[in-house]
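J.: Shown below is the structure under consideration.
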Amino acid sequence: MFSTFLTEIFVKKLIAANWKMHKTRAEARDLIKDIVDGLHTKPAINTEIVIFPPYTALDASLASSEIALGAQNVYPAEQGAFTGEISTSMLQDVGCTWVLTGHSERRHILGESSIFIGKKTAFALEHGLSVILCIGETLEEREMDLLQSVLYGQIEDALYDIKDFSHLVIAYEPVWAIGTGKVASADDIRFVHALVRGHLQKICGKNHIRILYGGSVKPENATEILKIDNVNGLLVGGASLQAGSFLNIVHAAQ
Ligand code: PGA
């Protein structure tokens, strides 16, 4: 049973679309319709797709057998006086089954700490959401030879409170590759994904946690990145905002 589960999650590639602060409700509906139509014309075999629209576009009717819905953020409390925040049950109420945590824009622009990200990650998992936890180093940290300590620290802080890892996915997104057009080299990705895999095994003894790559993924580089060891899928920003380029990335996973 466990090995069937393992085979299934590692054979299937997880392709996630982070729309960030883009798309009105009408635009979101049109884009998802175009993606689903594209998947009916050319099905995505052995691929799992999750889309993270902005909150205002979240709508259970957009989820389907082809596409799961996720939210770009969540607050780690059931309800209460948390102005501007959103709970796991509110997200589930609008059809979300996934949430993103630890995205570098939340770490570096919104000032979220690794400890707070860990709280959100554990809370969301305990409340029935699957989580993509993003980790990644800045260019400065890489140049100062801090790659390993930054990534290990982000992983340890985030995993500290987690009891059940079965719905956790990690996305390695080097900050310098996000939205910049600078994709990490195949050697960089192979090296970091092996480091992350090894560290996950060491600290939680689990080997079924999928590791995605994110950062300037495009139809032109998706096939090559997906062939790298320990790359179990992709987290796509800019190239997920048009049906054509996103579908080309999804089909690159076949
Ligand atoms: P990008 O964004 O594909 O536009 O680089 C990726 C992300 O931020 O998740």
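The values are calculated or read from the model by the stated rules, or taken from the named source; none is laboratory data. Because the structure is a prediction, the values reported are computed rather than measured. Every residue, glycine as well, gets a Cβ built from its backbone with ideal geometry; the counts of neighbours run over all protein chains shown. Ligands, DNA and RNA are stripped out before the accessible areas are found, and what is left, the full protein with its side chains, is counted by its heavy atoms. Shrake-Rupley method; radii C 1.70, N 1.55, O 1.52, S 1.80 Å.
J.: If I go through the stretch 94-118 residue by residue, how many of them are polar (S, T, N, Q) and either free of Cβ contacts under 8 Å to residues at least 12 places away in the same chain or open to solvent by 20 Å² or more (accessible area, probe 1.4 Å) (or both)?
T.: 3
J.: Which members of the stretch 150-189 meet the condition of being within 16 Å of E137 (Cβ to Cβ) and aliphatic (A, V, I, L, M)?
T.: Within the stretch 150-189, V150, L151, I155, A158, I170, A171, V175, A177, I178, V183, A184, I189 qualify.
J.: If you don't mind, another one. Can we say T88 is over 18 Å from E156 (Cβ atoms) and buried (at least 18 other Cβ atoms within 10 Å of the Cβ)?
T.: yes
J.: In the stretch 188-222, what residues are modelled with pLDDT of 95 or more, hydrophobic (A, V, I, L, M, F, W, C) and open to solvent by 10 Å² or more (accessible area, probe 1.4 Å)?
T.: Once the filter is applied, which keeps residues that are modelled with pLDDT of 95 or more, hydrophobic (A, V, I, L, M, F, W, C) and open to solvent by 10 Å² or more (accessible area, probe 1.4 Å), the stretch 188-222 yields F191, A194, L195.
J.: Restricting attention to the stretch 125-140, and to residues there that are away from the ligand (no atom under 16 Å from the Cβ) and either modelled with pLDDT of 95 or more or part of a loop (DSSP other than H, G, I, E, B) (or both), which single residue is surrounded by the most Cβ atoms within 10 Å (Cβ to Cβ)?
T.: L125
J.: List the pairs whose first member sits in the stretch 220-248 and is farther than 14 Å from K12 by Cα and aliphatic (A, V, I, L, M), whose second member is within 11 Å of the ligand (Cβ to nearest atom) and open to solvent by 50 Å² or more (accessible area, probe 1.4 Å), and whose Cβ atoms are under 6 Å apart, counting only residues at least 6 apart or on separate chains?
T.: A239/K218; L241/H22
To keep it simple, each residue is scored yes or no on (1) at pLDDT 95 or above; (2) under 18 Å from V236 (Cβ atoms).
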residue	(1), (2)
I9	no, no
L14	yes, yes
A44	no, yes
P54	yes, yes
L91	yes, no
G95	yes, no
T101	yes, yes
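J.: Exactly one of (1) open to solvent by 60 Å² or more (accessible area, probe 1.4 Å); (2) modelled with pLDDT under 95; (3) not in a helix (DSSP H, G or I) is unmet by S61. Its number?
T.: Going through the list (1) open to solvent by 60 Å² or more (accessible area, probe 1.4 Å); (2) modelled with pLDDT under 95; (3) not in a helix (DSSP H, G or I), S61 breaks only (3).
J.: Hey, another quick one. Select the strands (runs of 3 or more DSSP E) contained entirely in the stretch 161-254, then report the ones holding at least 1 residues which are among the hydroxyl-bearing types (S, T, Y), under 26 Å from F116 (Cβ atoms) and within 16 Å of the ligand (Cβ to nearest atom).
T.: The qualifying strands (runs of 3 or more DSSP E) are 168-172, 210-214.
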